[in-house]
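Here's a structure for you.
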Amino acid sequence: MSKNLVQFIIEEQRAIAGATGDFTGLLSDIVTACKRIAHDVNKGALIGVLGSAGSENVQGETQKKLDVITNEIFIESNQWGGHLAAMASEEMEDVYPIPARYPKGKYLLVFDPLDGSSNIDVNISVGTIFSILRAPEGVNNPKAEDFLQPGTKQVCAGYALYGPATMLVITTGNGVNGFTLDRDIGEFMLSHPKMTIPEDTREFAINASNERFWEAPVQRYVRECIAGKTGPRGENFNMRWVASMVAEVHRILTRGGIFMYPRDTKDPKKAGKLRLMYEANPMSFIVEQAGGMSSTGRERIMEVQPSDLHQRVPVILGSKNEVERVVGYHLEG
């Protein structure tokens, strides 16, 4: 019989000396939030949640109604349980403190409540990304600087994928496991144990419309892929682009590939497009735990020391040998 997610985590926690069950409780609250979001995403226009909210987030991006709704769901589901000291969201400028009426815990929760929300109105897969950190010792009222921990400090990272099936994929630093929501019983069941990324791939994902803004190493790599059998690689490649990081990473976890949102000159003020804390770090933890690699092109993403809650970084991740090739091109200058 297949295990459900909570059973799986409890059994993992039993192997850790001194485990208190706090982490299992927190993950259970996150699961509840993801089920609620899956319901709203699934209903879409039937409950009036599609379209723009008429507001902007801290990055100046137009918010969809579901960006606002899913952010509220994540806060409501996780603030009361006594497992968290504070939260931070891509949709909020500053840290969200746990209200005084609730007990506080030892963990920090960082999340992107609805990744790829530009796809919502056209019914393409979107997702939720989250990362769990430990609050610094003795800190009862965490500030933004308490969240600024490198990705190597993550206790857990995961994402929910709201596609044809709703899935939850997580790592606690002991490999990557995928769970599919069985709507008949309302449980995430272990369906993809020990997910791994093949070291080699012939599939790449990048927004090709930005080619003129890319740095030379990325232009070189993509040009070689497009040249196929007639080019220096001597192999034909396929290109994919969903514009939903969750969907892109899930495809790579399932069958290999490389995903790139590299540094470019489109907006010189931004080092990259994707957020280190809410997207790049949790996805890098998952990818590395599945045997892949994740880099800015110049350094390992999980070793970047965050300087800001909403810091952006270039992202190149996926099948190890292809990521190494792109990094090598960067090192050559």
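Each reported figure results from applying straightforward, stated rules to the coordinates on display, with no laboratory input. Nothing here was measured: the structure is a model prediction, and the numbers come from that model. Because the Cβ atoms are built from the backbone with ideal geometry, glycine has one as well, and the counts that use them run over all protein chains shown.
Okay, helix-only estimate at 222 nm for the chain: each DSSP H run of n ≥ 4 adds -39500 (n - 2.57), divide by all residues, round to 500 deg cm²/dmol; what do you get?
Numbers: 8 runs with 94 residues, N = 333.
When only DSSP H runs of four or more count, the value is -8500 deg cm²/dmol.
Quick check: pseudo-label points 7 Å beyond the Cα along Cα→Cβ at residue 303 and residue 101, how many nm apart are they?
It works out to 4.7 nm between the two label points.
If amide H atoms are built 1.01 Å from N in the plane of the peptide, which residues on other chains or at least 5 residues away come under 5 Å of the amide H of residue 195?
176, 177, 178
Over the chain, calculate the relative contact order: mean separation of alpha carbon pairs under 8 Å at least 6 apart, over the residue count, as a percent. Kindly include the intermediate steps, with their values, before the conclusion.
Details: 707 pairs, mean separation 50.9, N = 333.
So the answer I get is 15 percent.
Which distance in nm do the two modelled labels at residue 211 and residue 236 give, with both placed 7 Å along the Cα-to-Cβ direction?
1.9
R0 = 45 Å: FRET efficiency of residue 174 with residue 265, Cβ-based, nearest 0.05? Working shown, then result.
Details: r = 40 Å, r/R0 = 0.89.
FRET efficiency, residue 174 to residue 265: 0.65.
Test of understanding: in a Gaussian network model of the chain with alpha carbons linked when under 10 Å, which of 322, 187, 137 would top the mean-square fluctuation ranking?
137
Please work out the Cα center distance from the stretch 71-120 to the stretch 207-267, rounded to the nearest Å.
Measuring centre to centre over Cα atoms gives 33 Å.
Further question: Please list, ordered by chain and number, the residues whose modelled amide H lies under 5 Å from the amide H of residue 3; skip anything fewer than 5 residues away on the same chain.
190
Taking the Cα-to-Cβ direction at residue 93 and at residue 183 and moving 7 Å from each Cα, how far apart do the two end points lie in nm?
3.9
Work out how much length residue 219 to residue 137 would gain on full extension: take 0.36 nm times their residue separation and subtract the Cα-Cα distance, in nm to one decimal.
Working: separation 82, 0.36 × 82 = 29.52 nm, distance 4.51 nm.
So the chain would gain 25.0 nm between residue 219 and residue 137.
Okay, moving on. Give me the angle, in degrees from 0 to 90, between the Cα long axis of helix 245-255 and the longest principal axis of the Cα atoms of the chain, rounded to the nearest 10.
On a 0 to 90 degree scale, this one is about 70.
Also: Full-extension gain between residue 42 and residue 145, please, as 0.36 nm times their residue separation minus the C-alpha to C-alpha distance.
Details: separation 103, 0.36 × 103 = 37.08 nm, distance 3.64 nm.
This chain segment gains 33.4 nm when fully extended.
Taking neighbour Cβ counts within 10 Å as the exposure measure, how do 331, 309 sort from fewest upward? Can you show the working numbers first?
Numbers: 331 10, 309 22.
Least to most surrounded, the residues fall as 331, 309.
If contacts are Cα pairs under 8 angstrom and at least 6 residues apart, what is the relative contact order of the stretch 5-192 in percent? Intermediate results must be reported in sequence, preceding the final value.
Values: 328 pairs, mean separation 27.1, N = 188.
Relative contact order for the stretch 5-192 comes out at 14 percent.
Roughly what angle does helix 22-43 make with the longest principal axis of the chain, taking Cα atoms, 0 to 90 degrees, to the nearest 10?
Helix 22-43 and the main axis of the chain meet at about 70 degrees.
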